[in-house]
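Beneath this line is the structure, given in structure tokens, with notes to follow.
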């Protein structure tokens with residue numbers, strides 16, 4: 001389903017030059033070095049983060065972010081002028097970044113349509129951090145109102161040479177104000193860009209609005225595909241098979257972008273119902289390498305057998321078993337930064353959230369509960385967070401069709417797993 005309802009939100013001129021210069025200067029890095037992962041969470045390898053700790057009123061860390069400036073409309077007839085410094089992007093002293101869109105009072109700021117009506121901020125990591133594959137997430141409280149357009153997204157680091165859309169774009173989260181309870185995740189590339197982007201929406205239940213609280217927006221990106229989630233609930237996966245024969249351009253490093261636009265072809269302009277200022281409050285941005293959350297592949301256990309979804313069915317309560325390794329999608333598991341382990345678009349789940357020895361392990365719609373959260377330890381145990389028990393091959397068997405369960409951790413061979 002195409003969910004890109006807007007023209008490409010490209011950076012004109014400045015960002016292309018920024019990326020090109022960064023490549024020539026070889027200052028783009030793949031990690032800022034956040035330290036080794038703890039031994040009891042060996043699967044997690046955080047590669048970059050910004051927790052936005054600092055004094056109130058200070059600008060974003062220039063060692064991590066570049067603030068873009070200008071009022072070109074960014075390919076979408078947006079109305080804001082993006083400023084530098086801390087006037088529209090500043091820390092609040094409580095561990096948050098606050099991006100503020102407000103009415104412009106500076107008559108000297110020129111936009112594509114004349115004197116700018118609004119100012120806001122847009123920031124990227126093109127000079128300081130890029131990465132291919134892994135888990136990327138941010139906890140954000142978005143703004144509200146007609147014509148308001150917050151986003152957390154990524155562009156390919158070859159933007160300066162390949163151009164857009166050949167460089168690729170991954171929109172982790174976009175919201176337009178007239179849809180207060182819905183966000184969109186989309187990919188753009190050659191033959192599927194702008195309004196032809198490929199993605200899907202995610203809506204909160206019960207008429208809730210995203211602006212009312214913080215939510216975690218994430219992608220898990222592997223060579224085989226990209227999965228989007230909100231608050232740990234996966235809602236779509238995109239692979240080469242979704243592109244209608246077009247080229248997959250998501251096998252090279254990308255950089256991160258946060259911005260808050262006002263107006264544009266997709267959201268439309270603010271109207272009498274819109275109020276200013278509006279704020280996009282960001283608690284953190286984090287990235288992990290493909291050795292941690294975001295890796296996709298087999299999980300191999302006793303006897304060299306693979307963890308398998310019985311019958312390759314994506315129905316709720318489908319049994320999880322051991323099976324000869326075939327490499328098919330029923331044996332391709334994605335480890336999420338939210339602790340989930342997913343295949344076929346659903347989660348590895350302990351039935352009923354049981355803490356009893358012998359509890360059935362099944363495939364089930366992702367729901368964010370601890371019954372679906374797992375920790376992979378340095379000892380190669382896969383431990384369920386809710387039960388504090390290990391994934392276990394029943395009866396210490398390696399036979400084809402052996403059911404998997406949770407059991408008190410014993411250190412036995414039937415509880416040891418290798419993430420391929």
Given the residues 307, 249, which is the only one that is modelled with pLDDT of 95 or more and in the same structural domain as residue 122 (by TED's automatic domain parsing)? 249
Taking region 157-176, which residues are assigned to a strand (DSSP E or B) and over 15 Å from the mean Cα position of the chain (by Cα)? none
What tally of residues in region 316-369 results from selecting those that are within 25 Å of the chain's Cα centre (by Cα) and on the phi > 0 side of the Ramachandran plot? 4
Mind checking whether some residue in region 177-191 is surrounded by 23 or more Cβ atoms within 10 Å (Cβ to Cβ) and in a loop (DSSP other than H, G, I, E, B)? yes
What number of residues within region 372-406 are in a loop (DSSP other than H, G, I, E, B), at pLDDT 95 or above and surrounded by 18 or more Cβ atoms within 10 Å (Cβ to Cβ)? 1
Modelled with pLDDT under 95, surrounded by 16 or more Cβ atoms within 10 Å (Cβ to Cβ) and not assigned by TED's automatic domain parsing to the domain that holds residue 232: is that true of residue 327 in this structure? no
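The values are calculated or read from the model by the stated rules, or taken from the named source; none is laboratory data. Note that the structure is a prediction, hence the values are computed from the model and not measured. Note that we place each Cβ from the backbone using ideal geometry, even for glycine, and neighbour counts take in every protein chain shown.
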